[in-house]
Structure formats: C-alpha cells, structure tokens
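What follows is a single structure, written as structure tokens, with notes after it.
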Amino acid sequence: MTELAIVQHDGQKAGASYRTLLRPNRSIPLGIQTLTGITDAMVAEAPRFEEVAEEVRAFLGDRIFVAHNVQFDYSFLKAAWAQLGISYTPRRLCTVRLARR
C-alpha cells in the first residue's frame, strides 16, 4: 500500500476523513508509480502501515467498508492487519456490484 484515504459517511453526508501516504517495505514498481502517480520520493518520509494501523482501525470502527471493487482494497488491509495480529472483518459494500444492479 502506498496511500490510504477514508471518508466516513452517515448515509446522508460525508463526515470526518483520514488520508496519508504510506511508505511500503520496498521500492514502488514503475508500473504502480505510473498508475498512481506516487513515487518513492513522495513516500520517503511517510509512515509505514504498522505505524498507523491502530489509528486507522479505530477510525474505521464498526462501520461498513465501502469501496469500488471492495474485495481488492479490503484484501490489502486485511492482510496488512493480519501480519500485525489484528483481526478486521467488517461488513462490506461493493459499489461495482451496486452500480451493475
């Protein structure tokens, strides 16, 4: 992961938000840099996921995890937390599936 952006929403309006770049444990591949626009230089001083993991988990709370192709984003967070011994299994909503309906 190189970036996290979270917006809390109550179903009517956006609320608090959280955003940070993340310093991965390796160099960012050129293809990912091209896709995201995020370079190694941009994340050189950013925190590692393990430094913000508890803060992010608390920010998400027991809310529904909503994302476009939710399983993709969720799988990265779930794996990163699992490496730290943190369980995270929220209810999820996929906006791709919702849009197709």
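The values are calculated or read from the model by the stated rules, or taken from the named source; none is laboratory data. Just so it is clear, the structure is predicted and the values come from calculations on it, not from any experiment. Virtual Cβ from ideal backbone geometry, glycine too; neighbours counted across all protein chains shown. Remember, those area values only see protein heavy atoms, side chains included, never the ligands or the DNA or RNA. Shrake-Rupley method; radii C 1.70, N 1.55, O 1.52, S 1.80 Å.
Computed quantities for the displayed model
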| read-out | value |
| --- | --- |
| Cβ-Cβ under 6 Å pairs, at least 6 apart or on other chains, region 75-101 side in contact (Cβ under 8 Å) with a residue 60 or more places away in the chain, far side surrounded by 11 or more Cβ atoms within 10 Å (Cβ to Cβ) | F76/M1; A80/F49 |
| Residue within region 65-73 that is of a type in the set (F, W, Y) and out of contact with any Leu (no Cβ under 8 Å at 6 or more places or on another chain) present | yes |
| Selection from region 13-33 of residues that are within 19 Å of A80 (Cβ to Cβ) and assigned to a strand (DSSP E or B) | Y18, R19, T20, L21 |
| Residues of region 72-84 classified as open to solvent by less than 70 Å² (accessible area, probe 1.4 Å) and either small (G, A, S) or over 15 Å from E54 (Cβ atoms) (or both), total | 6 |
| Subset of region 71-101 (residues that are over 15 Å from I6 (Cβ atoms), at pLDDT 90 or above and of a type in the set (G, A, S)) | S75, A79, A82, G85, A99 |
| Extreme residue, nearest to the chain's Cα centre (by Cα), among residues of region 62-93 that are assigned to a helix (DSSP H, G or I) and of a type in the set (D, E, K, R) | D73 |
| Residue match in region 34-44 (condition: exposed (fewer than 12 other Cβ atoms within 10 Å of the Cβ), under 16 Å from the mean Cα position of the chain (by Cα) and either in a loop (DSSP other than H, G, I, E, B) or hydrophobic (A, V, I, L, M, F, W, C) (or both)) | no |
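The rows are residues; the columns are (1) more than 13 Å from the chain's Cα centre (by Cα); (2) free of Cβ contacts under 8 Å to residues at least 24 places away in the same chain.
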residue	(1), (2)
M1	no, no
D10	yes, yes
K13	yes, yes
I32	yes, no
